[in-house]
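S.K.: Quick one: the structure is below, and I'll ask about it shortly.
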There are 2 protein chains.
Amino acid sequence: MARALQLAALGLYSTSPNPRVGCVIVRDGEIVGEGWHQKAGEPHAEVHALRMAGDKARSATAYVTLEPCSHHGRTPPCAEGLINAGVARVVGACSDPNPLVAGRGYNMLRDAGIEVITPCLEAQAIEINRGFMQRMSSGLPLVRIKLAQSLDGRTAMASGESQWITGPQARADVQRLRARSCAIITGADSVLIDNPSMTVRPAETGIEQEQRLWRQPLRVIIDGQQRLSGNEAIFSQAGDILLAQLGDERPLQRAVELGSLSQWSSPQAEDTGRHIDLTALLQHLAQLGCNEVLVESGAQLAGAFVAAGLADELVLYCAPTLLGSNARPLLSLGLDSMNEQIRWQWNDVRMVGNDLKMVLSRTSET
Amino acid sequence: MARALQLAALGLYSTSPNPRVGCVIVRDGEIVGEGWHQKAGEPHAEVHALRMAGDKARSATAYVTLEPCSHHGRTPPCAEGLINAGVARVVGACSDPNPLVAGRGYNMLRDAGIEVITPCLEAQAIEINRGFMQRMSSGLPLVRIKLAQSLDGRTAMASGESQWITGPQARADVQRLRARSCAIITGADSVLIDNPSMTVRPAETGIEQEQRLWRQPLRVIIDGQQRLSGNEAIFSQAGDILLAQLGDERPLQRAVELGSLSQWSSPQAEDTGRHIDLTALLQHLAQLGCNEVLVESGAQLAGAFVAAGLADELVLYCAPTLLGSNARPLLSLGLDSMNEQIRWQWNDVRMVGNDLKMVLSRTSET
């Protein structure tokens with residue numbers, strides 16, 4: 001199963017909206033087949049592994065990192081494939097929360113007389129598909145907030161000057177975060193101030209050729225006050241853009257050069273005056289098949305996601321520097337007393353070049 | 001030498017103003033004597049080790065973590081002791097920058113026909129006595145700034161509410177920082193707002209009995225505006241207090257209950273209006289024999305030490321929580337552009353309970 005999880009991880013940058021899945025087929029203690037799902041519409045992990053195993057799949061054990069599918073989608077059900085190949089046993093890491101599967105895959109196998117053992121390394125298997133799992137169970141993608149900060153929690157000088165707080169390795173790591181994301185959300189503020197492209201630059205990711213992304217993530221720009229003209233750099237880069245606006249759509253002066261521009265009109269958020277309804281936006285992105293979205297924005301928008309309880313993960317790159325107390329805050333977040341503090345739990349802390357990368361997820365503890 | 005360094009570390013909480021020193025005597029591949037310096041005025045490490053070795057010191061090798069002293073202080077010179085004991089070889093980790101020694105120790109040994117090998121594990125040996133080394137070479141103690149912060153670099157809510165950002169393990173770690181410090185510096189602000197005792201509570205340190213501190217660190221209170229009355233909690237705790245004031249001494253209404261209160265009058269800092277001259281204060285503390293001082297204060301005073309370039313080490317305990325952008329900054333530090341940023345280098349990053357402890361030292365890089 002550990003090998004199957006390694007294989008699943010090869011799909012980190014390419015399987016969405018599908019989950020990342022790996023499969024290993026073992027007979028007589030020997031691996032006779034293995035595969036991973038590469039891209040939506042292409043064969044699932046089990047199909048690759050069964051093809052490689054051929055006749056040797058008969059009476060073998062198949063290790064799969066996610067419950068085999070039971071429905072006819074763009075490909076035939078994998079449970080059927082395993083049955084037809086004559087495997088004796090299936091070890092499944094976890095269940096598939098997709099309402100089209102949700103236990104039916106394992107049941108189909110059991111009904112065919114195949115021994116099913118599950119779960120197995122479940123936590124690891126869920127971790128690699130947390131976004132997919134969350135979209136299936138809650139209708140919302142996993143929201144990851146990425147911020148580059150100083151030791152004193154500042155992201156830029158008061159003037160907006162911020163290049164560069166963190167080093168090249170941290171910035172390459174951000175490229176990998178972008179590459180694994182289905183969408184990147186930013187705000188009109190950031191577009192106007194930093195004029196970023198928000199694209200993945202494959203050469204900078206350090207991702208091996210084998211795993212090189214097949215797609216640019218959707219770039220989502222929140223422009224509630226319709227301040228963008230369409231002449232900003234972000235509109236001239238390859239890849240699709242979704243412009244999230246309030247009220248009536250206003251056509252931009254020019255379209256995206258290499259990709260397509262779509263516009264989405266937000267209902268007005270109930271409690272926050274004239275602001276985009278972030279929950280509605282995330283629901284819309286989930287419907288578009290987004291499993292993981294990355295928020296790369298200024299303190300206002302990042303703070304709004306956190307304040308609304310919509311941020312699932314914080315990814316903080318902390319540089320060993322002090323920017324001082326006039327510099328910009330990490331997040332705009334108005335809290336008054338200690339019992340309003342927003343607590344997180346540590347997922348990972350490691351050095352990335354000369355910066356400290358801290359990953360935290362939301363905790364239910366208050 | 002590794003063993004000798006372990007022994008030296010046993011003196012972490014007790015040797016000041018002297019350095020921490022360990023000594024191991026080896027003959028025919030066997031340890032025949034070992035010792036560590038426990039407390040100023042008591043025997044040095046070499047004396048303990050030679051006593052234990054007795055006749056076996058003859059023709060043996062002595063490993064010492066610091067150059068043996070060559071002068072008559074409160075104890076006779078250790079170099080003489082090693083010569084009289086007839087050791088054949090001395091391996092010294094590093095030199096003693098004390099102008100009373102500074103090479104004379106090793107020379108005295110060489111002149112007596114003893115083979116001297118040095119340096120050996122020099123970086124580790126210097127690290128354990130960084131404060132002592134700095135005091136000897138620059139006349140200033142090592143200044144360590146300790147702060148407890150949130151992920152967004154905040155130390156308290158705007159109201160001042162801050163108990164507790166970090167968990168009990170981090171607070172116990174702070175007790176150990178206090179215990180190894182010769183002095184703890186705080187400001188009148190902190191005394192008035194938090195009413196702390198600033199003492200070491202031995203039971204909370206988790207320090208083994210063997211190493212239990214013989215002394216409370218000197219508590220230094222900076223009260224430039226003479227706002228303290230003497231009725232604050234800090235004055236009723238065991239241990240000495242130094243009150244740093246501007247201009248004429250003003251007697252407090254009551255003295256320290258268990259210890260002594262001294263008052264120090266600062267020259268007025270040239271560039272900062274009516275403020276204590278922090279450099280002069282640190283020089284005074286060095287003259288009192290302080291090797292390591294710990295600053296536990298609010299953002300103003302901590303920021304002043306950093307801005308003046310007097311902070312050698314930052315010890316940041318980061319709790320997995322967000323306190324928001326209205327909360328108090330880590331340091332009051334007015335910087336306007338990225339080229340004014342103050343860069344540090346990572347010394348250590350580790351979890352302490354559920355908080356992240358980050359230790360950084362000043363870097364010459366800008």
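S.K.: Can you give me the number of residues within the stretch A:121-161 that are within 14 Å of another protein chain (Cβ to nearest Cβ) and farther than 20 Å from A:Phe305 by Cβ?
M.R.: Qualifying residue count, the stretch A:121-161: 8.
S.K.: Run A:Ser59 past the list (1) in a loop (DSSP other than H, G, I, E, B); (2) closer than 24 Å to A:Gln134 by Cβ and report the number of the one that doesn't hold.
M.R.: Among (1) in a loop (DSSP other than H, G, I, E, B); (2) closer than 24 Å to A:Gln134 by Cβ, the lone unmet condition for A:Ser59 is (2).
S.K.: Next up: Would you please list the contacts, defined by Cβ atoms under 7 Å and residues six or more apart or on different chains, that run from a residue in the stretch B:16-34 that is over 30 Å from B:Cys182 (Cβ atoms) to a residue that is of a type outside the set (A, V, I, L, M, F, W, C) and not in a strand (DSSP E or B)?
M.R.: Partner pairs satisfying both residue conditions: B:Arg27/B:Lys56; B:Arg27/B:Ser59; B:Val32/B:Lys56.
S.K.: Another question, if that's okay. Return the residues of the stretch A:136-155 that are within 17 Å of B:Leu151 (Cβ to Cβ) and not in a strand (DSSP E or B); say none if nothing qualifies. Spell out how you get there, then give the answer.
M.R.: The initial filter retains those residues of the stretch A:136-155 that are within 17 Å of B:Leu151 (Cβ to Cβ), namely A:143-155.
Matches in the stretch A:136-155: A:Leu151, A:Asp152, A:Gly153, A:Thr155.
S.K.: Another one. Run A:Leu323 past the list (1) more than 7 Å from every other protein chain (Cβ to nearest Cβ); (2) closer than 20 Å to A:Arg154 by Cα; (3) buried (at least 23 other Cβ atoms within 10 Å of the Cβ) and report the number of the one that doesn't hold.
M.R.: It is condition (1) that A:Leu323 fails.
S.K.: Just to be sure before I move on: is A:Leu213 at pLDDT 95 or above and surrounded by fewer than 22 Cβ atoms within 10 Å (Cβ to Cβ) in the structure I sent?
M.R.: No: the conditions fail for A:Leu213.
S.K.: Hey, could you check the stretch A:59-76 for residues that are among the hydrophobic types (A, V, I, L, M, F, W, C) and closer than 21 Å to A:Leu10 by Cβ and say which is surrounded by the fewest Cβ atoms within 10 Å (Cβ to Cβ)?
M.R.: Looking only at the stretch A:59-76, we keep the residues that are among the hydrophobic types (A, V, I, L, M, F, W, C), and these are A:60, A:62, A:64, A:66, A:69.
Now narrow it down to the ones that are closer than 21 Å to A:Leu10 by Cβ: A:62, A:64, A:66, A:69.
Numbers: A:Ala62: 30, A:Val64: 30, A:Leu66: 33, A:Cys69: 26.
Result: A:Cys69.
S.K.: Of everything in the stretch B:286-318 that's among the small types (Gly, Ala, Ser) and facing chain A (nearest Cβ under 8 Å), which residue is surrounded by the most Cβ atoms within 10 Å (Cβ to Cβ)?
M.R.: Only one residue fits best here, namely B:Gly303.
S.K.: Filter the stretch A:326-366 down to the residues that are facing another protein chain (nearest Cβ under 7 Å) and of a type in the set (D, E, K, R), then identify the one that is surrounded by the fewest Cβ atoms within 10 Å (Cβ to Cβ).
M.R.: Here the answer is A:Asp336.
S.K.: State yes or no: is A:Ala183 within 19 Å of A:Val295 (Cβ to Cβ) and of a type in the set (Gly, Ala, Ser)?
M.R.: Criteria met by A:Ala183.
S.K.: Taking A:Gly131, is it of a type outside the set (A, V, I, L, M, F, W, C), closer than 30 Å to A:Ser361 by Cα and modelled with pLDDT of 95 or more?
M.R.: In short, yes.
S.K.: Within the stretch A:226-252, track down each residue that is at pLDDT below 85 and in contact with a helix residue (DSSP H, G or I) (Cβ under 8 Å, 6 or more places away or on another chain).
M.R.: Answer for the stretch A:226-252, where residues must be at pLDDT below 85 and in contact with a helix residue (DSSP H, G or I) (Cβ under 8 Å, 6 or more places away or on another chain): just A:Leu252.
The values are calculated or read from the model by the stated rules, or taken from the named source; none is laboratory data. Since the structure is predicted, the reported quantities are computational estimates derived from the model, not experimental observations. Cβ atoms come from the backbone with ideal geometry, glycine included; neighbour counts cover every protein chain shown.
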